[in-house]
Amino acid sequence: EAPDYFLDWAFEEVKRVIPNGTTHSLVARTTLDPDLQKAAEESLEFHLRQYGKDYDVSEGAITLMDTNGAVRAIVGGRDYGESQFNRATHALRQPGSSFKAYVYLTALLNGYTPNSAVVDGPRYCGNWSPRNYAGGYSGRMPMAHALMRSLNTVAVGLSLDVGRDKVVETANKVGLTHIRKTCSVALGDQGTSPLVHTGGYAV
């Protein structure tokens, strides 16, 4: 009924796929779920009111997508009337530990299984060494357990063992096209948009 973040994105997509100079009429059907869209908008506002001051955060973004890629809701900010910048589609943010899924996918594509033994211990890339959030090391464990515990040392170790080039290649294949090979690539040290990252998880 009125311009908003989802419609702005849909219009950008239409312009992206329609050839320049096209003069015929066009009907674009979106995958928007109005109920989910409303719930997402309310959720963002609730969480910003509830926790915004604690985390010194005044804005946010939400993307909801089916595993087939159909985008059901986009919230690009707190108030479209105040700011039309779509944080869900255009803001680049470090995905942090949520990037580890691509590292584990790369390992699975290169001979590892969920039960493959990995070691939670010191790893080095040049002079840099990752640390776990809780500190300390837990030694040998199945790869699936390391993923469940989101261990930084294991994710970095896997990226070094399978090859950081392969991790970047996997990220590119699922849609994260601006990822470069760094020592901490496994820890999501580079920016991507919430929409692109959600699409990667859908893959």
Practice task
Heavy atoms only, probe 1.4 Å: what % of the accessible area of the chain goes to carbon and sulfur, would you let me know?
Solution key: 52 percent
Fill in the blank from the handout: Longest principal axis of the chain (C-alpha) makes with the long axis of helix 34-55 (C-alpha) an angle, in degrees to the nearest 10, of 60 degrees
Exercise for the section: Tell me which label goes with the value of Rg/Rh (Cα atoms, Kirkwood Rh) computed from the coordinates here: (i) 1.36; (ii) 1.04; (iii) 1.29. Expected result: (ii)
Fill in the blank from the handout: By the C-alpha gyration tensor axes a ≥ b ≥ c (rounded if a/c is under 1.5, else prolate when a/b exceeds b/c, else oblate), the shape of the stretch 100-172 is oblate
Fill in the blank from the handout: Expressed as a whole-number percentage, the relative contact order of the chain with C-alpha contacts under 8 angstrom and at least six residues apart is 22 percent
Handout entry: Relative packing of peptides 98-111, 160-173, 48-61 - highest average C-beta neighbours within 10 Å first
Key = 98-111, 160-173, 48-61
Handout entry: Amide H partners (placed H, <5 Å) of residue 192, local residues excluded
Key = 93, 94
Problem - Rounded to 10°, Cα long-axis angle of helix 5-17 versus longest principal axis of the chain - result: 90 degrees
Handout entry: Cα-centred dipole magnitude for the chain, charges only on beta-carbon of K, R (+1) and D, E (-1), debye, nearest 20
Key = 980 debye
Problem - Peptides 34-42, 68-76 ordered by average Cβ neighbours within 10 Å, highest first - result: 68-76, 34-42
Problem - Listed residues 25, 14, 57: farthest to the positive end of the dipole of the stretch 1-70 (Cβ charges) - result: 25
Practice task
Work out from phi, with θ = phi - 60° and the Karplus expression 6.51 cos²θ - 1.76 cosθ + 1.60, the ³J(HN,Hα) of each residue of the stretch 134-150, listed in order in whole Hz, and give x for Gly and Pro.
Solution key: 7, x, x, 9, 10, x, 7, 6, x, 4, 4, 5, 5, 5, 4, 8, 6
Practice task
Could you work out how far helix 100-109 tilts from the main Cα principal axis of the chain, as a 0 to 90 degree angle to the nearest 10?
Solution key: 70 degrees
Completion exercise
Regression test value, accessible area per residue of the chain, probe 1.4 Å, units Å², expected 61 Å²
Completion exercise
Any residue on another chain or 5+ positions along whose placed amide H is under 5 Å from the amide H of residue 118 is listed here as 141, 143
Completion exercise
Whole-Hz Karplus couplings 3J(HN,Hα) for the stretch 162-175, θ = phi - 60° and coefficients 6.51, -1.76, 1.60, Gly and Pro as x, run 7, x, 5, 4, 5, 5, 4, 4, 4, 4, 4, 5, 8, x
Fill in the blank from the handout: Phi angles of the stretch 191-203, converted by Karplus (6.51 cos²θ - 1.76 cosθ + 1.60, θ = phi - 60°) into ³J(HN,Hα) in whole Hz with x for Gly and Pro, give x, 8, 7, x, 5, 5, 5, 4, x, x, 5, 4, 4
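The values are calculated or read from the model by the stated rules, or taken from the named source; none is laboratory data. What you see is a predicted model; the values in this text were computed from it and never measured. Neighbour counts are summed over all protein chains in view; Cβ atoms, including those assigned to glycine, are modelled from backbone coordinates with ideal geometry. Surface areas here come from the heavy atoms of the whole protein model, side chains and all, with no ligands, DNA or RNA. Shrake-Rupley method; radii C 1.70, N 1.55, O 1.52, S 1.80 Å.
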